[in-house]
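**Student:** Handing you this structure, nothing more for now.
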Amino acid sequence: MSEAYRLVKNAPLDRHSTFHVPARAALLAEINNLTALPELLTLDETRDKPLLVLGDGSNVLFTQDFHGLVILIAAHGMEILEEDAASTRVHASAGDNWNELVHWTLARGLCGLENLSLIPGRVGAAPIQNIGAYGVELAETLATVEAYDRQIGEWVQLTREACDMSYRQSVFKRQPERWIITAVELILPRSAPLKLDYAGIREELTSMKVARPNAMDVSNAVSRLRRRKLPDPAVIGNAGSFFKNPVVSRLDAEKLQTAHPELPVFDAPDGKKLSAAWLIEACGWRGFREADAGVSDRHALVLVNHGKASGAQIWSLAQRIRDSVQEKFGIRLEPEPRIL
Ligand SMILES: Cc1cc2nc3c(=O)[nH]c(=O)nc-3n(C[C@H](O)[C@H](O)[C@H](O)COP(=O)(O)OP(=O)(O)OC[C@H]3O[C@@H](n4cnc5c(N)ncnc54)[C@H](O)[C@@H]3O)c2cc1C
């Protein structure tokens, strides 16, 4: 076995997903030297096997064992590639923790990532669903993604346009087994207007007694809000929002709002975005529990594992929630995490 990676057969995966559900991988490889990736993928025992690259497992749900190769990327390293008076080009490796990258950039006087503070997971996973929170998405600061393209067997660098990102979507999510992301480059300004008009940021800054906020203050406000609103996966298994906010036509949104005037509706590039949490709560699911699978009592969009739930039980609950929303509102919810 190469020193660049470590291969384990029949490896438990419960520590590798934030739902903490039981599952095993036929083969698990932890790789710290990425130049060995092509070699790892062409070994007799790995070639032609299904492949899953995992970060911290904060956006996956295992409903069964994975009969293939799971790769964990352990390569780390953040650096500044170029800078001028206005902006800075930052390079971060796939194995870096996302929130550590946010703080690393803030500590160097850079802004742009403050609203994305405290999103769990690794840098390599961030482009997959174009992570977003508090009115900001990764696509706004992403310059390029470095990856190994399994289809052509080559290292590639994709521009932001090639990543084709939209709300919780990208080219990587559409073709999940094609690219193994190894690093990203971001372009971050030294100064930019702060985005404060989203979900309680201004109120939180006021309660922090901050009258003239900087990017670090916004990061602190967002972190405080997130700690209060979202259950901590270290305490109770979950993957954050389980469903995407549905986007519907303007006409459908108007009809729904006429029938349900309190339904929150937001502008979206291709229609109107509805609050999935509101739809689920209106169907009475908030705080629901059956055995150890449940819905958080803090946030109706977050499904939780109270202890010993299996992934199949959580998925079955998710399908019941989806069906009840469809029946009551005629809207089909789409899961946000990858269901395996
Ligand atoms: C409490 C909580 C709150 C959350 N809040 C948010 C939020 O506000 N906004 C948001 O967008 N998300 C949120 N999430 C979801 C999650 O944190 C993000 O999607 C995150 O980017 C996942 O990172 P990860 O390393 O855990 O990826 P994983 O869950 O390990 O993987 C997710 C997907 O990315 C793929 N992948 C991972 N790494 C690579 C790689 N290097 N190359 C190719 N494919 C890869 C996996 O195969 C999988 O399909 C939240 C999750 C939790 C638990």
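**Student:** What accessible area per residue comes out for the range 292-340, rounded to a whole number of Å², with a 1.4 Å probe?
**Tutor:** 44
**Student:** To continue, here is another question. Where the only charges are on Cβ atoms (+1 Lys, Arg; -1 Asp, Glu), what is the dipole of the chain about its Cα centre, to the nearest 20 debye?
**Tutor:** Roughly 1020 debye for the chain.
**Student:** On a full-extension model of 0.36 nm per residue, what is the gain between Lys195 and Val156, subtracting their alpha-carbon distance, rounded to one decimal in nm?
**Tutor:** Result for the pair: 10.7 nm of gain on full extension.
**Student:** Ignoring any ligand, DNA or RNA, what whole percent of the accessible area of the range 78-189 comes from carbon and sulfur when the probe is 1.4 angstrom?
**Tutor:** 48
**Student:** Using the Cβ atoms and a cut-off under 10 Å, what net charge is assigned to the surroundings of Ala23, where Lys and Arg are +1 and Asp and Glu are -1?
**Tutor:** Value of the local net charge: -1.
**Student:** Among Gly124, Gly57, Gly135, whose mean-square fluctuation peaks in a Gaussian network model of the chain (Cα, cutoff 10 Å)?
**Tutor:** Largest GNM mean-square fluctuation: Gly135.
**Student:** How large is the dipole of the range 71-170 about the Cα centre if only Lys and Arg carry +1 and Asp and Glu carry -1, each at its Cβ, rounded to the nearest 20 debye?
**Tutor:** So the dipole magnitude of the range 71-170 works out to roughly 300 debye.
**Student:** In straight Cα distance, which lysines are under 18 Å from Lys173, not counting same-chain residues fewer than 8 positions off?
**Tutor:** Those lysines meeting the cut-off are Lys244.
**Student:** Calculated from DSSP H runs of 4 or more alone, at -39500 (n - 2.57) each and per residue, what is the 222 nm mean residue ellipticity of the chain, nearest 500?
**Tutor:** Result for the chain, helices only: -6500 deg cm²/dmol.
**Student:** Farthest toward the dipole's positive end in the range 216-293, which of Phe266, Leu279, Pro231, given Cβ charges of +1 (Lys, Arg) and -1 (Asp, Glu) about the Cα centre?
**Tutor:** Pro231
**Student:** Rounding to the nearest 20 debye, state how big the charge dipole of the range 6-100 is about its Cα centre with +1 on each Lys and Arg Cβ and -1 on each Asp and Glu Cβ.
**Tutor:** Dipole magnitude for the range 6-100 comes out near 500 debye.
**Student:** Could I ask something else about it? Which of the lysines could a cross-linker span from Lys308 if the Cα-Cα distance has to be under 25 Å and same-chain partners fewer than 8 positions apart are dropped?
**Tutor:** Cross-link targets: Lys9, Lys229.
**Student:** Write down Rg/Rh for the chain, rounded to two decimals, with Rg from the C-alpha atoms and Rh from the Kirkwood relation over Cα pairs.
**Tutor:** With Rh from the inverse mean 1/r over Cα pairs, Rg/Rh is 0.97.
**Student:** Specify which residue in the list Ala221, Leu194, Leu303 is farthest towards the positive end of the charge dipole of the chain, using unit charges on the beta carbon of Lys, Arg (+1) and Asp, Glu (-1), about the Cα centre.
**Tutor:** Of the options given, the answer is Leu303.
**Student:** Between His67 and Glu100, what is the FRET efficiency for a Förster distance of 30 Å, r being their Cβ-Cβ separation, to the nearest 0.05?
**Tutor:** For R0 = 30 Å, the calculated efficiency reads 0.35.
**Student:** Give the aspartates and glutamates reachable from Lys273 as a straight Cα distance under 20 Å; neighbours fewer than 8 places away on the same chain don't count.
**Tutor:** By straight Cα distance, Lys273 reaches Glu137, Glu140, Asp164, Asp197, Asp252, Glu254, Glu262, Glu281, Asp323, Glu327, Glu334, Glu336.
The values are calculated or read from the model by the stated rules, or taken from the named source; none is laboratory data. Computed from a prediction, not measured in an experiment: that's the story for all the values here. Ideal geometry is used to build each Cβ from the backbone, glycine not excepted, and the neighbour counts take in all protein chains shown. Quick note on the areas: whole protein, heavy atoms, side chains included, nothing else; ligands and nucleic acids left out. Shrake-Rupley method; radii C 1.70, N 1.55, O 1.52, S 1.80 Å.
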